[in-house]
Amino acid sequence: MELKNKILYIITLLLVSSCSFYSFKGSVPSHIDSITISPIINNSKEYIVLDVLNTEIYNTFLSENVLKLTDINNAKSRLEINIISVIDNPFTYSLDGNSNFYEQVSEWKITIKAKVNWYDMIKDEFIFSKEISSFGIYSTNSGTDISNDGIDNDQDGFIDSEDDDEFGPPRDSALKIASKKMSENIVANIVSTW
């Protein structure tokens, strides 16, 4: 009986200590309550990604309400995003319908890669500086709208009518999905800094 109590005590101690560690992790530094987003720099050849990512990053910050968005004169931190590349690569192949010998690309993966810096304007130092990438999937065989392409375009386990962000022209929609994922990844990195 005493051995059983010791084991129970050790398990309880481990659970309490792991929970207390977890509950303090993932908070923004206490002196930072606001953020300004510098104009996004686009070094890719994809001109539209600038507008799409800009819209998505602002929408994500507003919906997540992690930090107050403000102008540079009132902000305690600054977010800098530099788009490095936007690349389309083959994702899946299928046999060409006219031949049993040749493969054709049936799905494409569009990947956005960006350098992201979060700067503490009070302490005059970078909180983090890292490369982040995200993607969306589309098919050129799906017609003019990805809402009926039968593909899980954002790899979240839902397809077409089950997924509220799968609509519109295939490549444009995949770019929007990749931008939304990029924005969510940036906010997740900010929250998980401490």
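Which links in Lys130/Lys181; Lys76/Lys109; Lys45/Lys123 stretch past 27 Å when you go from one Cα to the other?
Lys76/Lys109; Lys45/Lys123
Taking a quarter of the surface of the Cα convex hull of segment 41-143, what do you get in nm²?
If I average the Cα hull's projected area over directions, I get 8.9 nm².
Whose amide H sits under 5 Å from the amide H of Glu46, counting only residues 5 or more places off or on another chain, with H placed in the peptide plane?
Residues meeting the amide H criterion: Val86.
Rounded to whole Hz and in sequence order, give me ³J(HN,Hα) for segment 41-51 from the Karplus expression 6.51 cos²θ - 1.76 cosθ + 1.60, θ = phi - 60°, writing x for Gly and Pro.
9, 10, 9, 8, 8, 8, 5, 6, 4, 4, 5
Of the peptides 185-193, 127-135, how do they stack up when ordered by the mean number of other Cβ atoms within 10 Å, highest first?
Sorting 185-193, 127-135 by mean packing, highest first, produces 185-193, 127-135.
Name the residues whose placed amide hydrogens come within less than 5 Å of the amide hydrogen of Asp33, ignoring near sequence neighbours (fewer than 5 apart) on the same chain.
Lys76
Rule-based calculations on the coordinates, nothing more; no lab input. Small disclaimer: the values here were computed from a predicted structure and weren't measured. For neighbour counting, all protein chains shown are included, and Cβ atoms are generated from backbone atoms with ideal geometry for every residue, glycine included.
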